[in-house]
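The values are calculated or read from the model by the stated rules, or taken from the named source; none is laboratory data. Predicted model, so just to flag it, every value in this text is computed and none were measured. Cβ placement follows ideal geometry from the backbone for every residue including glycine, while neighbour counts extend to all protein chains displayed. Heads up: the accessible areas ignore ligands, DNA and RNA and are worked out on the full protein's heavy atoms, side chains in. Shrake-Rupley method; radii C 1.70, N 1.55, O 1.52, S 1.80 Å.
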Amino acid sequence: MNTPLFLNRLADMEKSANHLPHWEQSGRCYFITFRMADSIPADLRREWTDERDQWLAAHPKPHSLEETEEYHQRFTARIERWLDSGHGSCVLRRPDCREIVADALRFFDDKRYHLYAWVLMPNHVHVLTSLDEGELLRKILSSWKSYTANRLNEHLGLQGSFWQEDYFDRLVRDADHFVRCVRYIRRNPLQARLQPDEYTHYEDALSRQWAPGEGSS
């Protein structure tokens with residue numbers, strides 16, 4: 001069983017940012033969300049961006065871990081609620097489209113990272129994973145997104161951006177946080193009131209052992 005390594009507050013941390021704050025620590029466990037480019041309506045996106053920019057102006061970089069957690073509680077959680085409302089084209093509602101994404105996630109499982117749990121929703125993806133030592137989260141995300149965007153656009157006869165450029169990630173703090181992430185992923189289709197053929201969910205043996213019950217897959 002692949003036991004995850006959690007956030008080490010005493011170890012070195014790499015901070016990077018595009019529009020969103022990202023904290024990386026080699027070989028650790030992450031909860032990741034990435035979404036389709038059309039998944040948030042423009043008016044909601046503007047409202048969110050304006051409030052986020054005000055918060056960033058009041059909290060200049062570099063951000064502490066506590067400030068990063070506050071950011072996620074205020075802004076990431078709101079995006080996740082909007083995603084569950086089913087905005088946009090939601091092409092990942094289709095099993096054939098989800099299989100393209102699932103194949104990409106599985107391709108380097110236990111080679112560059114280990115997948116504990118994931119769910120493919122109609123317009124977004126949640127992944128709980130640990131990276132192998134030396135692997136960079138931003139490169140893993142770039143690989144997933146660029147490959148699947150090309151495949152999905154070709155499959156659907158589309159052009160342009162398939163995924164939103166940035167993504168949300170959190171270093172998993174401890175075993176309790178890990179369990180909460182597993183359960184969040186497991187419950188997400190129910191929260192969004194999806195039918196069984198509208199999403200794809202996976203959990204490994206460790207996730208089922210640490211977070212038993214509730215209809216785990």
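Note on the stretch 154-179: among residues that are touching a strand residue (DSSP E or B) at 6+ places or on another chain (Cβ under 9 Å) and assigned to a helix (DSSP H, G or I), the one that is surrounded by the fewest Cβ atoms within 10 Å (Cβ to Cβ) is His177. Of the residues making up the stretch 141-153, none is open to solvent by less than 60 Å² (accessible area, probe 1.4 Å), touching a residue at least 12 places away in the same chain (Cβ under 8 Å), of a type in the set (Ser, Thr, Tyr) and assigned to a loop (DSSP other than H, G, I, E, B). When Arg98 is tested against (1) more than 19 Å from Glu24 (Cβ to Cβ); (2) open to solvent by 20 Å² or more (accessible area, probe 1.4 Å); (3) charged (D, E, K, R), just one condition goes unmet, and that condition is (2). Of the residues making up the stretch 26-43, those that are closer than 19 Å to Gly86 by Cα, within 9 Å of the chain's Cα centre (by Cα) and not β-branched (Val, Ile, Thr) are Phe34, Arg35. Step by step: first the residues of the stretch 7-48, then only those that are open to solvent by 20 Å² or more (accessible area, probe 1.4 Å) and assigned to a strand (DSSP E or B), then the one that is modelled with the lowest pLDDT. Which residue is that? The residue in question is Ala17. Contact map, the stretch 187-210: first residue under 16 Å from Val101 (Cα atoms), second residue assigned to a helix (DSSP H, G or I) and open to solvent by 80 Å² or more (accessible area, probe 1.4 Å), Cβ cut-off under 6 Å, separation 6 or more or different chains; pairs are Glu198/Arg93.
Here's the yes/no breakdown for (1) free of Cβ contacts under 8 Å to residues at least 12 places away in the same chain; (2) closer than 23 Å to Arg187 by Cβ; (3) not in a strand (DSSP E or B):
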{"position": "Asp96", "(1), (2), (3)": "no, no, yes"}
{"position": "Ile100", "(1), (2), (3)": "no, no, yes"}
{"position": "Asp103", "(1), (2), (3)": "yes, no, yes"}
{"position": "Leu115", "(1), (2), (3)": "no, yes, no"}
{"position": "Pro122", "(1), (2), (3)": "no, yes, yes"}
{"position": "Val125", "(1), (2), (3)": "no, yes, no"}
{"position": "Ser130", "(1), (2), (3)": "no, yes, no"}
{"position": "Gly134", "(1), (2), (3)": "no, no, yes"}
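Arg173 - would you say it is more than 21 Å from Val91 (Cβ to Cβ) and at pLDDT 95 or above? No. If you take the residues in the stretch 49-72 that are farther than 26 Å from Tyr116 by Cα and of a type in the set (Asp, Glu), which one is most open to solvent (accessible area, probe 1.4 Å)? Taking the candidates together, the pick is Asp50.
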